[in-house]
Every structure is written in structure tokens, then in C-alpha cells.
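Here is the structure we will look at, set down as C-alpha cells.
Bear in mind that the values in this text are calculations on the coordinates, not laboratory data. All values reported here derive from a predicted model rather than from experimental measurement. Cβ sites come from the backbone with ideal geometry, for glycine too, and all protein chains shown count toward neighbours.
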Amino acid sequence: MTKVLILGATGYLGKRLAETLVRSGQHRVYGVARSEAKAKALALAEVIPIICPDPVNEPKAYMDALRNHHIEVIVDVAGANQETAKFLSHAKEIGQGRLEIYAASGIRGPKLGFIYCSGTWVHGSSNTLLTDLDIVGPTAVTPPSALVSWRVGLENSILSTSNVLDIAVLRPALIYGHENTIWTPFILPLLEAARSGGLESVNIPLEADSRPALVHVDDVATGFQKAIENLSLINNGSTYPVFDLLTSQESMSEIFAAMASSWGYKGKWALVGSGDNLFAEAMSTTLRGSSSRAKQLLGWEPTRTNGFVADMDLYAAAFASQH
């Protein structure tokens, strides 16, 4: 069984990934928990908790676990933004130490694995077909969303550690499903207006003409599972270890129209543009992308392929149940 440590195991994506790995029966799953309460939640899910209140700045507890349990793969879905550079540094320290031990023993042991959750927003906004082999960054045809421009440098830093680590970078598109966490600031006002029974106008700071690439959170979890299971194979060949994960491209206007209809909202609503809100600008990223390499090289088989709008009654009800 592969020993996997998840950074962000109690979060929106991390929780689903942990469940997916445990359910497969092929992995022994460890998760970093910042509190006793979160550790208990992980234990209940059959994930081995590693209590570390501040893994970014005081990482001793989880680094000791990496060494003592001989973790084979670290998966970072913590959403720590630029602080992920510190997680990468921790992984390099552990990985280099292992390689030195192997070398002293005269054997060629496996590298420590490190998988990072980036996102397709690094492609910027474009109606032209873009894939994970296309260049991203300020010199690309479409620069990244300002909110995540730093990710390009981080991705390159991860790719540069392949002499010490087995690495992969996965880029999910705009994620939906279950709690719909990232969507909350934009759709909660619409839900509250629907519940009030009023006819007030709801202004939503998103671009009406945007057509984001989308993927269900459960499919993202299986994408990471496939990356874990194929990590050595990817790194032992000449495969570029960066994979976009997306299943549909849909109209933002149609998404909100379907949501309003699902909640029976009779008032007015409008997508009024992102203005200077960098988060809203990133949410409004238009992307026509492809996951063909993830399907071909990782064996990724997404199952939530109907899309967000088509099954909006399910997703709207799931979100409403949380608020």
C-alpha cells in the first residue's frame, strides 16, 4: 500500500481525496490536522491524523511523520498560496536525505513524491483551445489571472526539483459540487434573496459573458488518485508532469439562470462585472481547454460529465442544505 500524506486533508478537496484513497483500499492515508477536533474527523474517516497546528512555519510534527512513517507521496491541496513554497522546501529536505541514505547503502531507492494542486487560471482567459502543454506565464499569449500569477513561478520551482522528487502538477478547472465552497460569495446572496421571498435585485460581481472551464470536486479527487498511482511511471519517462483537469465549459449567465430557477427566485439578478475584484476576475476566467493527456497518460475517467447546468437541481439543493 502506498503511504500518502495529504496537506489540506480536512479541506473541501482534501476531504474528498482522502475518502477516495481510503475507499480504493490501495493506500494508507495520513492527513495533517491543525486541531484535535479535525484530527478526530480524520480518524473517523480512517485517515491517520498528524496534528500540526502550523505546518507552514512550524512543520516539525508533520516532517517527523514523513520520516518516521516513511511517507512515499505528499499531496498538497492545502490552498496555502505562496506558502506552498515552504511545503516544497520541506519535501526537498526529506527527499534529499533519503537519497543520501540510499547512496550510502549503495542502492537506488525511490524518490519521495510531491503532487501540487495548481489550477487552470494560470492559462488566463481565452476562447482559443489551450492544453497543459501550452506555455503559461507573462510571455504567454494570454497571461495568468492576476490573482494567481505567482503560481507560474511555483510550478516552475516544483518542476525543477525532479532530480530529488517525483513530481506532478495538477490544474483543476473551476470546481463545483457539494458545498461549492469557492462559489459561496457569489451564490449565497442569490439563495438568501430566494428564501426571503422578496423581489429585490441581486447584483453579482462576475462577467456575464464568461465561459469558465469546470470540473466536479469528485472528479478532481480521482484525478489526484490517478496521479499518485502513476507518479513513478510519469517521472521515469519523458512525460511532462503537468495535467489540466476539466470536464466542461459553460456559460456563467446560464449557470446563474439555472441556479435562480432551481431556488424559485422571481426577482431580478444580474452579473455586473468583476470590477477591481481580483477574485471575481479569476472566477470569470474563460477557458476552452482539454484533459486529453490526463485521460491518456493517467487513465483519468471522470464520471460527472453532464456538467454544472444540466444537473443544477442537485447542486443547488446541496449548496442550500449547507446554509
Calculated FRET value between SER105 and GLU46, using beta carbons and R₀ = 45 Å, to 0.05: 0.85
Bin by bin, in steps of 10 Å, what percent of the Cα pairs in the range 172-221 do you find, going until the bin that has the longest distance? 22, 44, 28, 6
Taking the Cα centre of the range 170-323 as origin, work out the dipole magnitude from +1 charges on Lys and Arg Cβ and -1 charges on Asp and Glu Cβ, in debye rounded to 20. 220
Antiparallel DSSP bridges in the chain: what percent, to the nearest 5? 5
Reported to two decimal places, what Rg/Rh ratio describes the range 196-254 when computed on Cα atoms with Rh from the Kirkwood expression? 1.25
Along the range 302-318, Karplus-curve 3J(HN,Hα) (6.51, -1.76, 1.60; θ = phi - 60°) to the nearest Hz, with x for Gly and Pro, reads x, 10, 8, 9, 5, x, 6, 5, 4, 10, 4, 4, 5, 6, 5, 5, 5
Let's see if you can work this out: charge +1 on each Lys and Arg Cβ, -1 on each Asp and Glu Cβ, no other charges. What is the dipole magnitude of the chain about its Cα centre, in debye to the nearest 20? 660
Estimated Rh, the range 183-323: Kirkwood, alpha-carbon pairs, angstrom: 16.8
Placing +1 on each Lys and Arg Cβ and -1 on each Asp and Glu Cβ in the chain, then taking the dipole about the Cα centre, the residue among SER126, SER321, LEU44 whose Cα reaches farthest towards the positive end is LEU44
So what's the chain giving for Cα Rg divided by 2.2 N^0.38 Å, two decimals? 1.03
Would you please name the trypsin sites (Lys or Arg not before Pro) within the range 55-143 that are DSSP coil residues with at most 13 other C-beta atoms within 10 Å of their C-beta? ARG108
What is the antiparallel percent of DSSP beta bridges lying wholly in the range 141-251, to the nearest 5? 20
Principal axis lengths of the range 1-143 from Cα atoms, whole Å, largest first? 47, 42, 32
The chain, helix-only ellipticity at 222 nm - DSSP H runs n ≥ 4, -39,500 (n - 2.57), divided by all residues, nearest 500: -12000 deg cm²/dmol
At q = 0.11, 0.20, 0.25, 0.28 1/Å the base-10 log of I(q)/I(0) from the Debye formula over the alpha-carbon atoms of the range 215-288 is -0.50, -1.00, -1.18, -1.25
Cα-based helix-to-principal-axis angle, 150-159 vs the chain, degrees rounded to 10: 30
Long-range amide H contacts for GLY113: which residues qualify at under 5 Å (H placed 1.01 Å from N, peptide plane, sequence gap of 5 or more or a different chain)? VAL73, ILE74, ASP166
